[in-house]
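Participant: Just passing along the structure, written as structure tokens.
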Amino acid sequence: MIKMTKALTAGALALMSTTAFAADSSDPIVIPIHNWSSQIVMSNVVGQILEEKGNNVEYVTTDSQAVYESIRLGDVTMELEVWEGAFGASFRAALEKGGIVDVGDHNAVTREDWWYPMWTKDACPGLPSWEALNDCAAIFATAETGEKGRYLDGPVDWLKHGQERVAALDMDFVVVNAGSAAALWAEIGAAEADKRPVVVFNWTPNFAEAVWPGEFVEFPAWEDGCDKDPAVGPNPDALYDCGNPATGYLKKAAWDGMEAKWPDAYAVLEKISFTNPQIAQMAKLVDIDELEPEDAAAQWLEGNKDVWEAWIN
Amino acid sequence: MSDNVDRAQKQVAAPQFGTATIAFAMVGLAVLLTLVQYAGALPEWLHRVPEALVPNFAGWLDAIFSFVKDDLGLLALTRFLTEGLEWLLDASANIFFGKRRWPNIGPIPWTALAAAVAVVGYYLGGWRLALMGGGTFIWTALIGQWKIAMQTLSVLAIAAPLAFVIGLSLGIAAWKYAWVDRAIKPILSVLQTLPFFTYLLPAVIFFKVGPTAGAVATTIYAIPPMILMTTLGLQKVSDEVVEAGKMSGCSKFQMLRYVYLPSARTEILVGVNQVIMLCLAMVVLTAFIGMPGLGAKLLAMMGSFKLGRSFEIGVTIVLLAVTLDRMSKAWVIKQPEHFERDTPFWKRHQMLLLGLVLFVFFTLLSWVMPIAGEIGRGQDFSQGKELDNLIKWFLNIDWVKATTGFLRAFLNVKVLIPFRNFMLSIPTPAFILLVAAFALALAGRKQAIYALVFFGFVALSGWWDRAIITLYSVTAAVALAALIGLPIAILAARSEAWAKRMLLICDTAQTFPSFIYLIPAIMLFGITDIAVIFSILVFAMVPLIRYTIEGLRTVPPEMTEAADMSGATSWQKLWNVQIPLALPTMAVGFNQAIMFAFFMVIIAAFIGTQDLGQELQRTLAGTDLGKNFVLGICVALMALTFDLTIMKWAADKKRAMGLT
């Protein structure tokens, strides 16, 4: 027992001493994990890069909206995927309250919205217009939704406002929330077998676009304030009567104490930038190849040394 | 309804005059209102509470919360407590799974822990428990889930003792001071019906995202039964024992320590058993706020339809639950050992020594053979992927697909959706009247007033439609559970052996954390309404069967013999003698089934419901404490209405039949 203790403390001390010379604090950098694959893998990729540099890293699973509050309080150190459409509102709110900093954009363009695989168009040729989608609502009906069409939205905690949009635009759809991103892929996969028309929540960059060609539904174009001011958008009395931004940003965010506490790690974070294909590839490693996230991250790092080694030197 | 009224009048000792008439009048009025609504003549404000009249409860609560949180500095206090709790959790995390924190001695090699658990099992209950305990831990390691299981246990190891200490202290206080008891009772009943999701958000806000918040929510949820069992045990201590203590000149503290607490040992240990089981069930659920461990993995696997892997994790959770349950129950039964004076130390503590020796042996062994310390990735025997494919294959067999597809379509289109639409079509005031009439007929005026007030609040909360959908899922599932469960229970109760077997199954099933019940539901029906109903149904059927069997088996033999002598057929005997006498006990089972259903319907939001649970789960993503609380209270009030009514009826009935 004592022997084990001694040996282990010695080991721990040895580990600590290597980091003690770095300017960074030896406290763990806390990286949040959410419920979609690219974010999980990217977090592991960045975590492993930082560990390579000698930082201590810990992962914590959090809600993807509540995380901004946790970053403000310093409970979580950084967020690697701030999607404009999904988290823009929470991120902006946190910025206003203070405690969180914008660490710049990835070299990626994002879009999240209602989406359908190409075969759906055969049954509803008027697509991608949302009015045409609404006219063919009946072909999307299921046993549970009766005559109305079913739209499979993302998990509830992504706060997609699908329900509000259906109400604001008076659409004949019932919004059903999937339990997770994987449930969305399962649904598209099941529909593919008999080319059944489906409309689901989807986003880019994502592996799905390579597997199932498809298009986003064109809703009334996003205007600033569509989520705040009822007057904006076609329905003067309702919020969320627009589509999501079609060319959204993908940002990195960090706790504002990070730069002082882990200056080196912060410098790396500033340089980090992934592209659409890289992000899609990370998702694919988990969603299609069924790797565990840590293994997927290790494999990605192995295969893309030229990308990330520049960031740490 | 009228049947119940008649029976209530005949059998309750002193029915209040006019109760039946009033109840009838209320039902009549409700029916009238509904008919007027169908005719399209009911003004909208009588159908649903107009939005303009809905008070901004959530806003007010938010204001109060932020005042308490920021201005009164509660956040600073809880954050201070968080530090301490985090330190404890970190230490336990280090010991169990080697998180890099003080005291830096972990992780315990799996072989050492399995051996220690086996010894504890042997000490408590002989070879069978030793096998069960050791086996569970060996399975966990071999299947490759050691680390996540230890993440769960490391939190349990902190949360359960905390809940025990706090519950015991509060229980003693409630027993000692009547005013504490009076103050605590109503809070406890609300706490026990409040959905678990309502505990989660405040925990995250006040106690930091991650294990600390999870541990706090778990602890608070597990405290009430400990308080109840402690008070119960202390109240039962006999006067003779107390006298003896007083005569030997005990001080107040000595009385408590050496007289009361040892005499209440059994009840207190039953409380411990409940604390452990509740903690395990809840720790798994805290996956929703990011607690790592078995729950998080299960959530992720179920979410992505990796059903084989979900199944394996489910088995681990069930094994852990059963092991912990059996061991703590064995501890309740085991009497303290007494040794003669001068028994050598090693003899008195031989089990402890044996455990230590094995522990050290395996720890040392793991230095020589790393596999005895940790089973690495790729070295385990998990068949998850193969099971995934097996289940997929099974669900794709034509007749299976046809059956589930038919059930899904039939139940949805013919039964559930019409029933839901019917419930939604009843005007709010009519619905409240119906519930109040039900409470009045079954229990009495007091309960009817509670029903009016409680459901009145739900109507004013602005979440009426979602509340009704919640209630619809509960009613539909409990009704189906009764349809399936009661015949099973009645059949099983006919023979001693079957009754025992069935009770054992129910006991075991009740130790399963609620989350587990979602696995078969999702397996069979995917993400649909039917899966929700199915999971609630299975979960609620357990207490229903259990109490029905117990009720039927405890019918006094004189009664059944009398029936036999008067030449009743076995059907007549069952229908006219056994069931009426068993009814109060069965009602308790019904009540528990309804409570379980309320609990489950909220968790089933994970599958995708349109009810209060979904809104509750949505609040977990934000900082809307007010809304979160209003939703939770709505669920609690509806559950409480049923609880108060049915329990009062069962108690009245028992008294009237002289069964207590």
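What follows draws every value from the coordinates through simple rules; no lab data is involved. Values in this document were obtained by computation on a predicted structure and should not be read as measured data. Ideal geometry is used to build each Cβ from the backbone, glycine not excepted, and the neighbour counts take in all protein chains shown.
Participant: Pull out the extension gain between residue B:568 and residue B:367, defined as 0.36 nm times the separation in residues minus the alpha carbon to alpha carbon distance; nm, one decimal.
Facilitator: Net length gain for the segment: 65.1 nm.
Participant: To the nearest 0.05, how large is the calculated FRET efficiency for residue B:357 and residue A:123 if R₀ is 51 Å and r is the Cβ-Cβ distance? Mind showing how you got there, number by number?
Facilitator: Numbers: r = 72 Å, r/R0 = 1.41.
So the FRET efficiency works out to roughly 0.10.
Participant: Still on this structure, I have one more. Using the Cα atoms of chain B to build a convex hull, what is its mean projected area in square nanometres?
Facilitator: Working: hull surface 142.8 nm².
Result: 35.7 nm².
Participant: Additional query: Along the Cα-to-C-beta direction of residue B:414, a point sits 7 Å from the Cα; which residues of region B:508-539 have their amide N less than 14 Å from that point?
Facilitator: none
Participant: Report the gain in length on full extension from residue B:131 to residue B:379: 0.36 nm times residue separation, minus Cα-Cα distance, nm rounded to one decimal. Before the final figure, lay out the partial values.
Facilitator: Details: separation 248, 0.36 × 248 = 89.28 nm, distance 2.35 nm.
Here the answer is 86.9 nm.
Participant: Order these by the 10 Å Cβ neighbour count, fewest first: B:248, A:43, A:37. Don't skip to the answer; put the middle values down first.
Facilitator: Working: B:248 11, A:43 23, A:37 26.
The fewest-first ordering by Cβ neighbours comes to B:248, A:43, A:37.
Participant: To the nearest 10 degrees, how steep is helix B:350-368 against the longest Cα principal axis of chain B, on a 0 to 90 scale?
Facilitator: The angle comes out near 70 degrees.
Participant: Determine ³J(HN,Hα), in whole Hz, for all residues of region B:265-277 in sequence, where each value follows from phi through the Karplus function 6.51 cos²θ - 1.76 cosθ + 1.60 and θ = phi - 60°; x replaces Gly and Pro.
Facilitator: Calculated HN-Hα couplings, in order: 3, 4, 4, 4, 5, 4, x, 4, 4, 5, 4, 4, 5 Hz.
Participant: Given the pairs A:148/A:284; B:99/B:208; B:185/B:297; B:334/B:500; A:121/B:627; B:297/B:500, which are separated by over 29 angstrom at their Cα positions? Intermediate values should be presented prior to the final figure.
Facilitator: Values: A:148/A:284 33 Å; B:99/B:208 18 Å; B:185/B:297 37 Å; B:334/B:500 22 Å; A:121/B:627 41 Å; B:297/B:500 35 Å.
In this structure, A:148/A:284; B:185/B:297; A:121/B:627; B:297/B:500 lie more than 29 Å apart at Cα.
Participant: Let me ask something else. Need one number: % antiparallel among DSSP beta bridges in the protein assembly as shown, to the nearest 5. All intermediate terms of the calculation are to be shown ahead of the outcome.
Facilitator: Details: 17 of 31 bridges.
Rounded to the nearest five, the antiparallel share is 55 percent.
Participant: Report the full-extension gain for the segment residue B:265 to residue B:190: residue separation times 0.36 nm, less the Cα-Cα distance, to one decimal in nm.
Facilitator: Here the segment from residue B:265 to residue B:190 would lengthen by 24.3 nm.
Participant: Could you please state, rounded to a whole Å, how far the C-alpha centre of region B:299-344 is from the C-alpha centre of region A:118-156?
Facilitator: Spelled out, the Cα-based centre of one part sits 48 Å from the other.
Participant: On average, how many beta carbons from a partner chain sit within 10 Å of the beta carbon of a residue in A:174-183? All intermediate terms of the calculation are to be shown ahead of the outcome.
Facilitator: Working: counts 1, 2, 6, 10, 3, 13, 9, 2, 7, 9.
For this peptide, the per-residue mean of nearby foreign Cβ atoms is 6.
Participant: Please compute, for the alpha-carbon atoms of region A:111-216, the extent along each of the three principal axes and give them in descending order in Å.
Facilitator: 32, 32, 26
Participant: Other chains near B:409-418: what is the mean number of their Cβ atoms within 10 Å of each residue's Cβ? Before the final figure, lay out the partial values.
Facilitator: Values: counts 3, 1, 1, 5, 3, 0, 0, 1, 4, 0.
Mean shielding by partner chains, rounded to a whole number: 2.
Participant: So which lysines pass the test for residue A:228, namely a Cα distance under 19 Å, with those fewer than 8 places away in the same chain ruled out?
Facilitator: Hits, sequence-local ones excluded: A:97, A:160.
Participant: Of B:358, A:250, how do they rank once you tally other Cβ atoms within 10 Å and put the fewest first? Mind dumping the intermediate values first?
Facilitator: On the way: B:358 17, A:250 23.
Fewest-to-most Cβ neighbours within 10 Å comes out as B:358, A:250.
Participant: Ok, one more. Given Cβ point charges of +1 (Lys, Arg) and -1 (Asp, Glu) and nothing else, what value in debye, to the nearest 20, does the dipole of region A:111-216 about its Cα centre take?
Facilitator: 140
Participant: On a 29 Å Cα-Cα criterion, which of the cross-link pairs A:195/A:251; A:53/A:252; A:195/B:392; B:176/B:347 come out too long? Let's see the in-between values first.
Facilitator: Details: A:195/A:251 36 Å; A:53/A:252 20 Å; A:195/B:392 20 Å; B:176/B:347 39 Å.
The answer is A:195/A:251; B:176/B:347.
Participant: Right, next: Just to verify a number: FRET efficiency for residue B:399 and residue B:46, C-beta to C-beta distance, R0 = 41 Å, to 0.05?
Facilitator: Numbers: r = 50 Å, r/R0 = 1.22.
It comes out at approximately 0.25.
Participant: Hey, another quick one. Distance from the Cα centre of region B:623-646 to that of region A:180-238, in angstrom?
Facilitator: Computed from Cα coordinates, the inter-centre distance equals 34 Å.
Participant: Relative to the longest principal axis of chain A, what angle (0 to 90°, nearest 10) does the C-alpha long axis of helix A:293-303 take?
Facilitator: That works out to roughly 80 degrees.
Participant: Taking 7 Å along the Cα-to-C-beta vector as the label spot, tell me the residue B:498-residue A:298 distance in nanometres, rounded to one decimal.
Facilitator: 5.5
Participant: Going by amide H atoms built from the backbone, whose H comes under 5 Å of the H on residue A:104, apart from near neighbours?
Facilitator: A:252
Participant: For a quick check: with amide H placed at 1.01 Å from N, whose amide H comes under 5 Å from residue A:154's, ignoring anything fewer than 5 positions away on the same chain?
Facilitator: A:178, A:201
Participant: Can I ask one more? May I ask you to sort B:333, B:484, B:205 by Cβ crowding, counting other Cβ atoms within 10 Å and putting the fewest first?
Facilitator: Values: B:333 10, B:484 15, B:205 21.
Sorted ascending by nearby Cβ count, the order is B:333, B:484, B:205.
Participant: For residue A:57, what residues show an amide H to amide H distance below 5 Å, using hydrogens built from the backbone and excluding near sequence neighbours?
Facilitator: Those lying under 5 Å, H to H, from residue A:57 are A:29.
Participant: Let me ask another. Given contacts defined as C-alpha pairs under 8 Å and at least six residues apart, what's the relative contact order of chain B, whole-number percent? Walk me through the numbers on the way to the answer.
Facilitator: Numbers: 890 pairs, mean separation 132.4, N = 660.
Reported relative contact order: 20 percent.
Participant: If I take R0 = 30 Å and measure r between the Cβ atoms of residue B:81 and residue B:390 in this structure, what FRET efficiency does the formula 1/(1 + (r/R0)^6) give, to the nearest 0.05?
Facilitator: On the way: r = 48 Å, r/R0 = 1.59.
Using R0 = 30 Å, I get an efficiency of 0.05.
Participant: Taking beta carbons within 10 Å but only from partner chains, what does the mean come to for residues B:204-214? Intermediate values should be presented prior to the final figure.
Facilitator: Details: counts 6, 4, 0, 0, 6, 13, 9, 1, 1, 1, 0.
Neighbouring Cβ atoms belonging to other protein chains average 4 per residue here.
Participant: Between the helical axis of B:579-603 and the dominant principal axis of chain B, each derived from Cα atoms, what acute angle in degrees is found, rounded to the nearest 10?
Facilitator: For helix B:579-603, the angle is close to 70 degrees.
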